[in-house]
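All remarks here apply to the structure that follows.
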Amino acid sequence: KKFMNKALDILTARNVFTGILAIAAILLAFLAPKAAVNVDEQLHYPHAKKVINWYFTKGEDTSCLNTPVTNLKYYGQSVDNLTALFNRVFKIENEFVVRHYTGALFFWLLLFFGGRIGYQLSGNYWIAALTVVSIIIMPRLFGQAFCNLKDIPFATGYAAGISMIIRFVKEFPKPRWSTSILLGLSIAFTCSVRIGGLILFAYLGLAIIALLILK
């Protein structure tokens, strides 16, 4: 009976939520170096290297702006650029492994913020844990966790933005400075990956208007 009580004390909803995130982190770290290089990476990463070289040459190398077929110069690619910068500064030989670990990190952050939204809307960590599991078992998402440094980070920023909007609205009309700053950063990051992140401003405005009407 004592053992059962201890087990029940350990298996609280919050601990299960934390445990699932921990297991996911271990799984992602294990799988990241085993991930294959996909076609998109072979297109986007070379361009990211050219962008970084534009900075290092103080604008003399303009090859990153010459993309008549792919139009990559119009793409947001902050995470691609970050990995290219990291690999160049630290002279990493296996460049795609760094990209795959970066993708794994952003996928884990997507799990975290997805779980946070589940908890914020329900007040229940069981819902948060279920949300995390639901994201993990989505083939389309998990299949792109390591190689897609545009859609996965965008989804992460989007989820972070939604989470911060919920927090902002709950603290309204006197949100904390930390909440406002984190909300701004989440929207800025999302836009740096894809300009569709601007829709978070619309969601923020809608949430405030709805709150004013309801109150």
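The values are calculated or read from the model by the stated rules, or taken from the named source; none is laboratory data. Predicted, not measured: the structure shown is a model, and the values here were computed from it. A quick note on method: Cβ atoms are made from the backbone with ideal geometry, for glycine too, and the neighbour counts reach across all protein chains shown. Just so you know, the surface numbers come from the protein's heavy atoms only, side chains and all, with ligands and any DNA or RNA stripped out. Shrake-Rupley method; radii C 1.70, N 1.55, O 1.52, S 1.80 Å.
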Task: Output for the range 61-82, where each listed residue is within 17 Å of Thr102 (Cα to Cα) and without any contact (Cβ under 8 Å) to a residue 60 or more places away in the chain - done: Asn81, Leu82
- [ ] Among the candidates Val193, Val97, single out the residue that is under 20 Å from Lys34 (Cα atoms), of a type in the set (Val, Ile, Thr), open to solvent by less than 70 Å² (accessible area, probe 1.4 Å) and out of contact with any Cys (no Cβ under 9 Å at 6 or more places or on another chain).
- [x] Val97
Task: Residues within the range 93-115 that are farther than 19 Å from Val193 by Cβ and under 16 Å from the mean Cα position of the chain (by Cα), tallied - done: 1
- [ ] Just need a number here: residues in the range 184-208 that are touching a residue at least 12 places away in the same chain (Cβ under 8 Å) and within 14 Å of the chain's Cα centre (by Cα).
- [x] 9
TODO: Might you check whether a residue that is over 13 Å from the mean Cα position of the chain (by Cα) and open to solvent by 70 Å² or more (accessible area, probe 1.4 Å) occurs anywhere in the range 140-160?
DONE: yes
- [ ] For the range 48-59, indicate whether the set of residues that are of a type outside the set (A, V, I, L, M, F, W, C), in contact (Cβ under 8 Å) with a residue 40 or more places away in the chain and either in contact with a helix residue (DSSP H, G or I) (Cβ under 8 Å, 6 or more places away or on another chain) or open to solvent by less than 90 Å² (accessible area, probe 1.4 Å) (or both) is non-empty.
- [x] no
- [ ] Output the residues belonging to the range 22-40 that are out of contact with any helix residue (DSSP H, G or I) (no Cβ under 6 Å at 6 or more places or on another chain), surrounded by 14 or more Cβ atoms within 10 Å (Cβ to Cβ) and at pLDDT 95 or above.
- [x] Leu27, Leu31
Task: Some residue of the range 120-128 being closer than 22 Å to Leu28 by Cα and within 16 Å of the chain's Cα centre (by Cα) - done: no
Task: Filtered residues of the range 60-111 (kept if out of contact with any helix residue (DSSP H, G or I) (no Cβ under 6 Å at 6 or more places or on another chain), among the β-branched types (Val, Ile, Thr) and in a helix (DSSP H, G or I)) - done: Val89
Task: Complete set of residues in the range 124-153 that are aromatic (Phe, Trp, Tyr) and without any contact (Cβ under 8 Å) to a residue 60 or more places away in the chain - done: Phe142
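Name the residue that is modelled with the lowest pLDDT, counting only residues in the range 173-184 that are open to solvent by 70 Å² or more (accessible area, probe 1.4 Å) and either in a loop (DSSP other than H, G, I, E, B) or polar (S, T, N, Q) (or both). Talk me through it step by step, then tell me what you get.
Start the filter on the range 173-184 by keeping residues that are open to solvent by 70 Å² or more (accessible area, probe 1.4 Å), which leaves 173-174, 176-177, 181-182.
Imposing the further condition that a residue be either in a loop (DSSP other than H, G, I, E, B) or polar (S, T, N, Q) (or both) reduces the set to 173-174, 176.
Details: Pro173: 91, Lys174: 94, Arg176: 97.
If we take residues in the range 173-184 being open to solvent by 70 Å² or more (accessible area, probe 1.4 Å) and either in a loop (DSSP other than H, G, I, E, B) or polar (S, T, N, Q) (or both), then Pro173 is modelled with the lowest pLDDT.
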